[in-house]
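I have placed the structure first, in the form of structure tokens, so that the comments after it can refer back to it.
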Amino acid sequence: MKKISLFVLVSIVSLIFTQNVSAKDIYLSTSGNDSNDGLTAATAVKTLLRINEIIGVEDVVHVKGIIKITDEVDFATKTEDGTQDPLNPEDGIYLYHRGYFFRNALKLAGITFLGEDSSKDGFSGENVASLFQFQGAYPVMFKNILFTKAVTHRAANGQYGSDASAIWTSGTELTFENCAFTLNDITRNDASPADPKEGWGNRGAITFNSGTGIFKNCEFTENLGEEGGALFINGGTITIEDCYFGYNNCAEVNNSKGGAIYTWVHGLDGPLDITIKRTTFEGNTAKKGGAIALLDKVSYVPTGTILNIDRCTFIGNQAVSDQGGAIVWDNFMGRSSSDVVTITNSLFYANNANTDGGAICVWNVQPGSELNMINCTMYGNFTNGNAGHGGGLDFMMGYETYLPQNLKKNIYNCIFDGNYATEGGSLFSYSDLSALYPIEEPDNFTLKNSFVGRSISILGKTGVDPEANKIDYYTSEEYDGGITAGFDDPDYYAANYYAIPLLEDAEARTYGNPQYLDDLNLYTDLVGKPRTIVAGKCAIGACEVTSTELDNEVVFETGISSPQLEQASAKLSLVNGMLLCVGEKTTRIELYNLMGSKIADGKSYLSVNNVTSGVYIAKIQIGTNVFTQKLIINGN
């Protein structure tokens, strides 16, 4: 395998970084003292109250230990609805009975809260307080920070409440890297603990009303909410990469929706845009939508939701009462705009719904909405309803003008196999892909190059060509264990590696059309293995990886650091002999030797396995911008 070393040609591109010369490091520690100046680790301060007095734009607050918000307020002298006097109203900083509120607090612009260990450094509400509220267009970053034991509270005396436990935000640019959110909860009704306290917030760890949210390498575990255990999103642009949502058990809350994430568009300034990449959703529960609930909008909102899911795993999520073991999509509010959901390279395994759609249920959609699924695998998902309710993917009847028949359904290179319905806890029948709405429909269902083990009311739909797919290759009661789909010990690998490999001689390895991948710049599978194209064909399903590669823990992707490309929102990687450049815009790579001769080129990727060892120049075009990188390619 080729090895690549990367050197940045500073003579070609020079980067100039500017920094606020007055920015400083401030130290906050549980062992600190507020009589200190906070400017060194040895002179750390103890409370955020003291931090407020010394903080400034672009400062870095080093957090050591778990800071208790309850230590910031004299709870003994405050009533339930009481508020603390504003700290610095001219700076927009308020400390309420149950947390901090930063309203247009420009002095916080660019600050970073930095811990060393997200299991030991951070903030706690001690099960009686919320943590932070941000309002206003300024950036704030958290790195290696724990948010725990926060609870929702109510608005009082004309002041702001918080319908999120840990963080409520509107308009702020928030970035979280290597952070952990755990054991955050709603404030319970004393008489009925399964309900939120009347008049109090009912949402999960974070509420996004608008603004920007970026999450990288974060964990959300054991959070609870009626509307989204981890995230409630009703506005803004959200990016989630390399995160883990696990065991957010909202099922114990009545009427809960979205064990991990709940979306409900409210903003009037543009669509809700969510991108989720390389993220695992495991063991989350809710009454409806075990992991994600894409639900109603208020009727006057002229904007829709854009949801992109790529290289994600949904495993063991559960809708304990209603639809959508992993995802439910239900939007029937009049005059709401259409949604677009795109799911690629993703695995759905062992998710369960009580009624419809063991993995995904689409119930009501606005006309013009669109679902795109490319190279996904659904296996081992189940519903407690009958076969017609869809053990895997289910398009329900819906309400009148919001029937899923209005939805443009584009499904390419996918595998639906081994999903089933149960009755009384026992297997009732197999059911992989169901569409219960009437056959009379517009031309809006396109299914190509896919395996569907057993379908319900799919054949006969416009755009579903039996000759272009492999459909109904087992019966409702007799299943072949995934052999036809080409699975290699699917239950073992799904449970242990979060992936289902294909047998090396599986028909599924050459059943797909690579054009669908190329259109979306998708060049690797779920685990990062580069997609192979042979005679114009590619593998279908989420995983092209083999069981041998999983057993040997082969690492396919090696990132190459490049500040230039990072500024252009692109990533350069060496992936099993392929040089890849993937970004938000169309990219192209050209490889030159030092004599200026072009050696190879490609759209977003090119092979270097046959390139002679030596020094080369990579010319990378991203949109209208051109970058150059110096590469040393070694033949070993």
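List of remarks:
- Restraint check, LYS24/LYS64; LYS24/LYS143; LYS257/LYS409; LYS277/LYS529; LYS448/LYS598; LYS216/LYS257, Cα-Cα greater than 26 Å: LYS448/LYS598
- Virtual spin-label span in nm between ALA23 and ASN496, 7 Å along Cα→Cβ: 4.7
- Other residues lying with their Cβ under 14 Å from the Cβ of CYS179 contribute a combined charge of -4, Lys and Arg counting +1, Asp and Glu -1.
- From phi via Karplus (6.51, -1.76, 1.60), per-residue ³J(HN,Hα) for region 211-227 in Hz, x at Gly/Pro: x, 10, x, 10, 10, 10, 6, 9, 10, 10, 9, 6, 9, 10, x, 6, 10
- Order of LEU146, LEU502 under a 10 Å beta carbon neighbour criterion, fewest first: LEU146, LEU502
- Spacing of the two label points (7 Å from each Cα toward its C-beta) at GLU53 and ASN178, in nm: 3.2
- Net charge over other residues, Cβ less than 9 angstrom from the Cβ of ALA542 (K, R count +1; D, E count -1): -1
- Net charge of Cβ neighbours under 14 Å - reference THR279; Lys, Arg +1; Asp, Glu -1: -1
- A cut-off of 5 Å between modelled amide H atoms, ignoring neighbours fewer than 5 places along the same chain, links LYS68 with SER124.
- For region 165-257, the antiparallel share of DSSP beta bridges with both residues in that region comes to about 5%.
- Take the Cα of THR30, step 7 Å toward its Cβ, do the same at VAL60, and the gap between the two points is 2.3 nm.
- Remark: the Cα gyration tensor places region 448-518 in the oblate category, a/c being 1.5 or greater and a/b not exceeding b/c.
- Estimated FRET transfer efficiency (ALA600, THR548; beta-carbon r; R0 22 Å; 0.05): 0.15
- Cα gyration tensor, region 178-269 - rounded (a/c under 1.5), prolate or oblate: oblate
Read-outs: derived from the displayed coordinates by stated rules, not from any lab. What you see is a predicted model, and the numbers here were worked out from it, not measured in a lab. As a convention, Cβ positions derive from the backbone with ideal geometry for all residues, glycine included, and neighbour counts pool all protein chains shown.
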